[in-house]
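The values are calculated or read from the model by the stated rules, or taken from the named source; none is laboratory data. Just so it is clear, the structure is predicted and the values come from calculations on it, not from any experiment. With ideal geometry, Cβ positions are generated from the backbone for all residues, glycine too; neighbour counts draw on all protein chains shown. These accessible areas exclude ligands, DNA and RNA; they are computed on the full protein's heavy atoms, side chains included. Shrake-Rupley method; radii C 1.70, N 1.55, O 1.52, S 1.80 Å.
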Amino acid sequence: MMFKHNFKKVLSATAFAVALVVAPAANVLAATNDASSTQQSATATSQDQQASQDQDASQSSAANQSSATAASASSSTSTSSATSTSTVKKTTKKAKKTTKKSKKKTSKKKAVKKVAKKKATKKAKKTSKKATKKTTKAATVAVTASADQSHATDQQDDAAKKAAEVAAKKAAAAKKAAAKKAAAKKKAAAKKKAAAKKKAAKKKAAAKKKAAKKSAEKAAKYWIAMRESGGYYTARNGSCYGRYQLLISYLGGDLSKKNQERTADRYVYGRYGSWVNAKRFWLAHNWY
């Protein structure tokens, strides 16, 4: 009964030692796998192999220790509980040492990985900075070219605008000159028309006056003829003869109507200037 109880204690201690050995190894493997997932595939494979070797070594050591403990327990039924406790302590100490070594390797790998990551980050930053600088330079060149093109376009627009303004001024000046010329021409035409109209009115008035004068002359001549002879070309009064009772010597022997009219006009215009004046004289003196 005591043997069974002691054997159970030894087995429990052995299982506990194995658990202490296996658990850290498993933790190391998990840490190694987590670390290796961020590296390149070759490095990850190498780390997995190394971790597997470490785990196999730990498990083999734990198995050997377990076998030795079991053999010692079966061969010596009289081993006391104090010896079992010492064995467990040694096993625990060895497991701790193994775990510490694994942690150290893991820390070293982490440091290496950290340095590699730092280098990669630094290289990436350098590459990014270089690319940014190149992009900035290209953008600056593009902006400068765009600004130059815009400046050239602005100059062309200004030149075109100035040319358009000059053309507009010339067109306005030409239009103004044409309008001025047209106005002067119109004014001259209006003046000429007014002068022609005035001349026509003057001519008409003169013609009207002449017609009126002619009518008045004709009426005065007729009036005198009716007073002198009753209008007869053959009327005779002493030495006076004809329609206008002229001296026979004035007719020069020609008693025709035509000669009487011509001689009467020559006499009146020569003596009075007109038949109207002759009539006026006749009215004043009853003869002319």
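Here are the numbers for the structure shown:
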| read-out | value |
| --- | --- |
| First in segment 200-226 and within 21 Å of Tyr269 (Cβ to Cβ), second anywhere and surrounded by 10 or more Cβ atoms within 10 Å (Cβ to Cβ) and of a type in the set (Lys, Arg), Cβ under 7 Å, 6 or more apart | Ala220/Lys279; Trp223/Lys279; Ile224/Lys279; Ala225/Arg243 |
| Scope segment 191-218; condition open to solvent by 60 Å² or more (accessible area, probe 1.4 Å) and touching a Phe, Trp or Tyr at 6+ places or on another chain (Cβ under 9 Å); matching residues | Lys218 |
| Any hit, segment 175-193, residues being small (Gly, Ala, Ser) and closer than 30 Å to Val276 by Cβ | no |
| Candidate set from segment 233-255 (those that are under 27 Å from Lys213 (Cβ atoms), in a loop (DSSP other than H, G, I, E, B) and out of contact with any strand residue (DSSP E or B) (no Cβ under 7 Å at 6 or more places or on another chain)); member that is most open to solvent (accessible area, probe 1.4 Å) | Tyr233 |
| Qualifying positions in segment 268-288 - in a helix (DSSP H, G or I) and open to solvent by 50 Å² or more (accessible area, probe 1.4 Å) | Tyr269, Gly270, Arg271, Asn277, Lys279, Arg280, Phe281, Leu283, Ala284, His285 |
